[in-house]
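The numbers here are math on the coordinates, done by the rules we state, and not lab data. The shown structure was predicted, so the numbers you read here are calculated from the model rather than taken from an experiment. Every residue, glycine among them, receives a Cβ derived from its backbone with ideal geometry; neighbour counts consider all protein chains shown.
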Amino acid sequence: MGKSTEIARAKARRLKGMIKESDGIALENERLKAEGRKEQAEARREEALARASRAASSRWE
């Protein structure tokens with residue numbers, strides 16, 4: 001799987017987390033809001049790792 005694909009998947013996962021969080025807000029469900037925030041944080045971390053990996057590999061090409 002390419003680095004661009006990993007970044008796109010992380011962005012999609014972050015969007016999914018945003019939707020979960022907004023659903024939690026609308027439904028006044030604290031657990032759902034927390035899950036959404038956690039998913040967003042994990043996705044941001046995954047995206048940052050993929051970007052760093054892509055930057056490091058492009059330096060050696």
Residue within the range 34-54 that is more than 17 Å from the chain's Cα centre (by Cα) and either surrounded by 11 or more Cβ atoms within 10 Å (Cβ to Cβ) or assigned to a helix (DSSP H, G or I) (or both) present: no
The range 7-31, subset surrounded by fewer than 17 Cβ atoms within 10 Å (Cβ to Cβ) and among the acidic types (Asp, Glu), residue nearest to Ser58 (Cα to Cα): Asp23
